[in-house]
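Asks: The structure's right below; bear with me while I get my questions together.
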Amino acid sequence: MSTEIYVEKNGYIATLVLNRPDKRNSLSRAMFQAIIDELEQLRTDMSIKLLIVRGVDEVAFSSGADISEFLDIRYAADNAKAYNDLALKAIDALYKFPHPTIAMIQGLAIGGGLELANACDFRLATPKSKLGITAANIGIVYNLESTKRLINIVGVAKAKEILYTANIFTAEEGKSIGLITALHEPQEIENATMQFAEHLLSKSSIANAGSKKIIQAIMDGENAESDELAQLILDSFSSDDYNEGIQAFLNKRKPIFNK
């Protein structure tokens, strides 16, 4: 397992840390594979109900894919396909993680770094954070899955602006277009992220995990409930969380859900 990716656990919260500070957390091929491996383990860890993704320090969330590898392992169509398939598998694993996910963005989130953050449910940043997708600067066509995800977040017009111009923009600008969920001062973002995580954990994990599946189905083009989604909804009415929520409402108290 790569030491450039590691996981910390704190109760029901897991934190996936990008740990390559000398390269501003640029993502190597080995790191994409490590993300896949770590997320696969976390998916089967029944104690984990929320995931935070962050850079190891305040300099960068991630400055993007490691361009120094491109001429060796991402050059010409065959090599590029193998690399792209692996990178997209890692990003898709994060997008499909079954519990709420939060990207804590300090410093740079550029290219593949922003792509990784966009696979999370929420993106918290500081006013010093810088964002952008710079594929147009190096002649790469941005992939369909991540382009669709970007459009779902900011809309077609802003997605075109971000991709065509390859401009670097501020987190304040990101918040104004819905890309950033909330802004916090650099000295406050770690505590603010944990407080937001704890707030999410105070809600029904069954409801939130189910809502995530429903939302993703809609974003992925579903217009009607599949049998699986219909059953997911019906099962929630037989859950302990449903009983606790109803009892709490009737007794005018806050619900205490099982994790």
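Asks: Would you please give the residues with an amide H less than 5 Å from that of ILE5, counting only those at least 5 places away or on a separate chain, with H modeled from the backbone geometry?
Replies: Under 5 Å from the amide H of ILE5: ASN19.
Asks: Calculate how many DSSP beta bridges within the chain are antiparallel, expressed in % of all such bridges and rounded to the nearest 5. Please list the in-between numbers first.
Replies: Numbers: 8 of 30 bridges.
Bridges in the chain are about 25 percent antiparallel.
Asks: Using θ = phi - 60° and the Karplus relation 6.51 cos²θ - 1.76 cosθ + 1.60, list the HN-Hα couplings for the stretch 216-230 in order, rounded to whole Hz, with x at every Gly or Pro.
Replies: With coefficients 6.51, -1.76 and 1.60, one gets 5, 4, 5, 5, 8, x, 6, 10, 9, 5, 6, 4, 5, 5, 4 Hz.
Asks: Next question, about the same structure. Give me the net charge of ILE256's neighbourhood, meaning all other residues with Cβ under 12 Å from the Cβ of ILE256; Lys, Arg count +1, Asp, Glu -1.
Replies: Details: positive: LYS203, ARG253, LYS254, LYS259; negative: ASP240, ASP241, GLU244.
Summing Lys/Arg as +1 and Asp/Glu as -1 gives +1.
Asks: Using the basic label-point model (7 angstrom from Cα toward the beta carbon), what is the THR165 to GLU58 distance in nanometres?
Replies: 2.8
Asks: Between GLU190 and ASP45, what is the label-to-label distance in nm when each label sits 7 Å out along the Cα-to-Cβ direction?
Replies: Rounded to a tenth, the inter-label distance reads 1.9 nm.
Asks: Report the local net charge at PRO98: Lys and Arg +1, Asp and Glu -1, summed over other residues whose C-beta lies under 14 Å from its C-beta. Write down the numbers at each step before the final one.
Replies: On the way: positive: ARG43, LYS49, LYS96, LYS212, LYS213, LYS259; negative: GLU40, ASP45, ASP92, ASP121, GLU228.
Summing Lys/Arg as +1 and Asp/Glu as -1 gives +1.
Asks: Which aspartates and glutamates does LYS158 reach when only Cα atoms under 16 Å apart count, and residues fewer than 8 places away in its own chain are ignored?
Replies: Those aspartates and glutamates meeting the cut-off are GLU115, GLU172, GLU173.
Asks: Among 253-259, 15-21, how do they line up by average Cβ neighbours within 10 Å per residue, starting with the highest?
Replies: 15-21, 253-259
Asks: With all protein chains present, how much of the accessible area of the chain (probe radius 1.4 Å) comes from carbon and sulfur, to the nearest whole percent?
Replies: Values: 7240 of 13570 Å².
Reported share for carbon and sulfur atoms: 53 percent.
Asks: Hey, which of these cross-link pairs are over 31 Å Cα-Cα: LYS49/LYS148; LYS23/LYS203; LYS160/LYS203; LYS89/LYS175? Please report the intermediate quantities before stating the final value.
Replies: Details: LYS49/LYS148 26 Å; LYS23/LYS203 38 Å; LYS160/LYS203 36 Å; LYS89/LYS175 27 Å.
Result: LYS23/LYS203; LYS160/LYS203 exceed 31 Å.
Asks: Could you tell me what fraction of 2.2 N^0.38 Å the Cα radius of gyration of the stretch 135-185 comes to, as a two-decimal ratio?
Replies: Details: Rg = 11.5 Å, N = 51, 2.2 N^0.38 = 9.8 Å.
Compactness ratio reported: 1.18.
Asks: Then there is this: What does the C-alpha gyration tensor say about the overall shape of the stretch 129-243? Classify as rounded when a/c is under 1.5, otherwise prolate if a/b is larger than b/c, or oblate. Can you show the working numbers first?
Replies: Working: a/c = 3.58, a/b = 1.44, b/c = 2.48.
Oblate.
Asks: ALA171: net charge of surrounding residues, Cβ under 10 Å, Lys/Arg +1, Asp/Glu -1, itself excluded? Mind dumping the intermediate values first?
Replies: Working: positive: ARG123, LYS128, LYS130, LYS175; negative: GLU172, GLU173.
In short, +2.
Asks: With the other protein chains left in place, how much accessible area per residue, in square angstrom, belongs to the chain at a 1.4 angstrom probe? All intermediate terms of the calculation are to be shown ahead of the outcome.
Replies: On the way: 13570 Å² over 259 residues.
Computed with neighbouring chains in place, this is 52 Å² per residue.
Asks: What Kirkwood Rh does the chain have if only Cα atoms enter the pairwise 1/r average? Answer in Å. Walk me through the numbers before you get to the answer.
Replies: Numbers: mean 1/r = 0.0520 Å⁻¹.
The Cα-based Kirkwood calculation yields 19.2 Å.
Asks: Take ASN143 and LYS96, extend 7 Å from each Cα along the Cα→Cβ direction, and tell me the distance between the two endpoints in nm.
Replies: Result: 1.2 nm between the two label points.
Asks: Quick one: which residues, 5 or more positions from LEU50 or on another chain, have an amide H under 5 Å from its amide H? H modelled 1.01 Å from N in the peptide plane, none for Pro or chain starts.
Replies: ALA14
The values are calculated or read from the model by the stated rules, or taken from the named source; none is laboratory data. As the structure is a computational prediction, the values presented were derived from the model and not from experiment. Every residue, glycine among them, receives a Cβ derived from its backbone with ideal geometry; neighbour counts consider all protein chains shown. Keep in mind that these areas ignore ligands, DNA and RNA; they rest on the heavy atoms of the full protein, side chains included. Shrake-Rupley method; radii C 1.70, N 1.55, O 1.52, S 1.80 Å.
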